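In what follows, a structure is listed as structure tokens, so that the remarks can point back to it.
The values are calculated or read from the model by the stated rules, or taken from the named source; none is laboratory data. All values derive from a computational prediction rather than experimental measurement. Quick reminder, even Gly has a Cβ in these numbers, built from the backbone with ideal geometry, and neighbours come from all protein chains shown. What goes into the accessible areas is simple: the full protein's heavy atoms, side chains included, and nothing from ligands, DNA or RNA. Shrake-Rupley method; radii C 1.70, N 1.55, O 1.52, S 1.80 Å.
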Amino acid sequence: GDKTTLGSTTILKFTYHDKLDESFQKQMFEAALRDSLTGAFNKRYFLDHLNSEFAYAQRHNGRLALVMFDVDHFKHVNDTYGHLAGDSVLRAIAQRVDDNVRSYDVLGRYGGEEFCLILPETVAWSARVVLERIRCTVAAQTVRHEDEDIKVTLSAGLVTVQGNYRGRIETAIEAADSAL
């Protein structure tokens, strides 16, 4: 139970952990990083990670693809089938995207029905291939909610950054949003 303060923001706490406490700490850590509905990373974590990837690409003359996408006519889904059905759609899309990207690509929920995807070390044509695979996967499958099959499609915007790009990360986000 001892606590040690280092500076104004760092506190070390020493405790004995049992399996229950360890499980609780892991859940708290995940809750701080992930969107509770979709399991995708939350916006805050996503933006922090994007800044890190962006800086890495600039330092090492790397490549980075940023994708923004959302569910087409999502308001219609909520209005027609209800908000619980809309939640099912968002969960299904996050899972389908996660199934179609590499383990080190990062999916984040940006807001509402908007998602973002960081594809490190990815050139534009390769990112387009990934996007098309995701788009086709989502369009080909329905989301089952209660007795309804809900068909949805996605729209996406893509921007790629080369290591020699000296613009701001906000400019890249705005470009991906405009392309969306």
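Identify, from the list D147, D105, the residue that is loosely packed, with under 14 Cβ neighbours inside 10 Å and among the acidic types (D, E). Of D147, D105, the one residue that is loosely packed, with under 14 Cβ neighbours inside 10 Å and among the acidic types (D, E) is D147.
Filtering L107, L90, L50 for residues that are modelled with pLDDT of 95 or more, closer than 22 Å to V143 by Cβ and in a helix (DSSP H, G or I) leaves a single hit, L90. Sub-7 Å Cβ pairs linking a first residue in the stretch 154-180 that is under 12 Å from A65 (Cβ atoms) to a second residue that is polar (S, T, N, Q) and loosely packed, with under 13 Cβ neighbours inside 10 Å, at least 6 apart or interchain, are G157/S178, ordered by first then second residue.
Of the numbered criteria (1) farther than 20 Å from I169 by Cα; (2) of a type outside the set (F, W, Y); (3) surrounded by fewer than 16 Cβ atoms within 10 Å (Cβ to Cβ); (4) out of contact with any helix residue (DSSP H, G or I) (no Cβ under 7 Å at 6 or more places or on another chain), the one T137 fails is (4).
Looking across the stretch 8-46, the residues that are in contact with a strand residue (DSSP E or B) (Cβ under 8 Å, 6 or more places away or on another chain) and of a type in the set (A, V, I, L, M, F, W, C) come down to I11, L12, F14, L33, L37, A40, F41, F46.
Against the condition within 20 Å of Y165 (Cβ to Cβ) and free of Cβ contacts under 8 Å to residues at least 60 places away in the same chain, how does S103 come out, does it pass? Criteria not met by S103.
Among the residues of the stretch 71-86, none qualifies, meaning not one is under 12 Å from the mean Cα position of the chain (by Cα) and within 16 Å of A156 (Cβ to Cβ). Report whether or not L20 is modelled with pLDDT under 90 and over 29 Å from D87 (Cβ atoms). When the stated conditions are applied, L20 passes them.
Quick check: is even one residue across the stretch 11-18 without any contact (Cβ under 8 Å) to a residue 12 or more places away in the chain, open to solvent by 50 Å² or more (accessible area, probe 1.4 Å) and acidic (D, E)? Checking the stretch 11-18: at least one residue is without any contact (Cβ under 8 Å) to a residue 12 or more places away in the chain, open to solvent by 50 Å² or more (accessible area, probe 1.4 Å) and acidic (D, E).
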